[in-house]
């Protein structure tokens, strides 16, 4: 739902253009990584990418150095403009002690990766509705929504963090419409912008997703997941003095979708599709976890048969059940 990347370099800039070779390579690599779980639960997720000819890969916006507004550019020009920005923001002045100077201090030019990125997506039910509209002759409306989204995300990030937004890329290549936002703390004078800090106030994609599900009635608000996400929200808001940035960005995206497309029978349909998919997704994950646990028990059963000293006396391996083995605790 919303994530943060601390350093943006040459590869990340090119990943921002859906049509680029780098983006295609990253998609393949990420699909491979998503199938790996540290518990040994190997659930091969579906590739969430698609192509919609009416929309293309995405829309790309870069900050104009004179006006500060976002200009819409094609992919090649976007990459060229962002290469200039990343070079411009690759160093800053910091004040250091120096006895040779009159004031005992001087400004030192310091190299850094001064551009960071965030990703925010629209809710799945809105994304499905939007893409359906694009396929049915409303692609221009979706593109106009994307332009408004880019402008609103720039305003939201700059207002809440005081950072300078350098670019926004709205991507249409995944099942959820999403946007990348590149920003920096380094001002045009190559000093940190007043009021900016490393901490920008995020609760992470899991919390944002759970809050969306709870607020829309897909999961109970007294569930452990929702209460945990809400607790993270409140702790972050208390520390930062405002709502978490990634949650505000998510709300901004969904509010724009509602303003553009409103409530309709098709939205009700896509909400039902999403709700019906939640139990199936959870059940498949539980089955995969059960399978992983069963395989581990089989491995340890063979080991225990040869090395009884390694098995605590209060553990008893019982009869076989559904391909696994009962485990009892004395």
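The values are calculated or read from the model by the stated rules, or taken from the named source; none is laboratory data. Computed from a prediction, not measured in an experiment: that's the story for all the values here. Every residue, glycine among them, receives a Cβ derived from its backbone with ideal geometry; neighbour counts consider all protein chains shown.
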Strands (runs of 3 or more DSSP E) lying entirely in the stretch 67-147 (those with 2 or more residues that are assigned by TED's automatic domain parsing to the domain that holds residue 20, under 18 Å from residue 183 (Cβ atoms) and in contact with a helix residue (DSSP H, G or I) (Cβ under 9 Å, 6 or more places away or on another chain)): 70-73, 115-121
Among (1) modelled with pLDDT under 95; (2) part of a strand (DSSP E or B), the one test that residue 209 misses: (2)
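On the basis of being on the phi < 0 side of the Ramachandran plot, in a loop (DSSP other than H, G, I, E, B) and over 18 Å from the mean Cα position of the chain (by Cα), does residue 219 make the cut?
Numbers: on the phi < 0 side of the Ramachandran plot: yes; in a loop (DSSP other than H, G, I, E, B): yes; over 18 Å from the mean Cα position of the chain (by Cα): yes.
Yes, satisfied.
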Every residue from the stretch 184-202 that is modelled with pLDDT under 95, surrounded by 13 or more Cβ atoms within 10 Å (Cβ to Cβ) and within 20 Å of the chain's Cα centre (by Cα): 200, 201, 202
Count of the stretch 225-266 residues which are under 15 Å from residue 213 (Cα atoms), surrounded by 15 or more Cβ atoms within 10 Å (Cβ to Cβ) and more than 20 Å from the chain's Cα centre (by Cα): 0
Criterion violated by residue 158 - all others in (1) touching a strand residue (DSSP E or B) at 6+ places or on another chain (Cβ under 6 Å); (2) surrounded by fewer than 20 Cβ atoms within 10 Å (Cβ to Cβ); (3) not assigned by TED's automatic domain parsing to the domain that holds residue 18 satisfied: (3)
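What about residue 9, is it in contact with a helix residue (DSSP H, G or I) (Cβ under 9 Å, 6 or more places away or on another chain), modelled with pLDDT of 75 or more and surrounded by fewer than 14 Cβ atoms within 10 Å (Cβ to Cβ)? Walk me through it before giving the result.
Details: in contact with a helix residue (DSSP H, G or I) (Cβ under 9 Å, 6 or more places away or on another chain): yes; modelled with pLDDT of 75 or more: yes; surrounded by fewer than 14 Cβ atoms within 10 Å (Cβ to Cβ): yes.
When the stated conditions are applied, residue 9 passes them.
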Close pairs (6 angstrom Cβ cut-off, 6 or more residues apart or separate chains): closer than 14 Å to residue 133 by Cβ in the stretch 247-266, not in a helix (DSSP H, G or I) anywhere: 257/122
Residue in the stretch 64-72 that is surrounded by 12 or more Cβ atoms within 10 Å (Cβ to Cβ), touching a strand residue (DSSP E or B) at 6+ places or on another chain (Cβ under 7 Å) and farther than 28 Å from residue 132 by Cα present: no
Matching residues, the stretch 154-176, being touching a helix residue (DSSP H, G or I) at 6+ places or on another chain (Cβ under 6 Å) and part of a helix (DSSP H, G or I): 156, 160
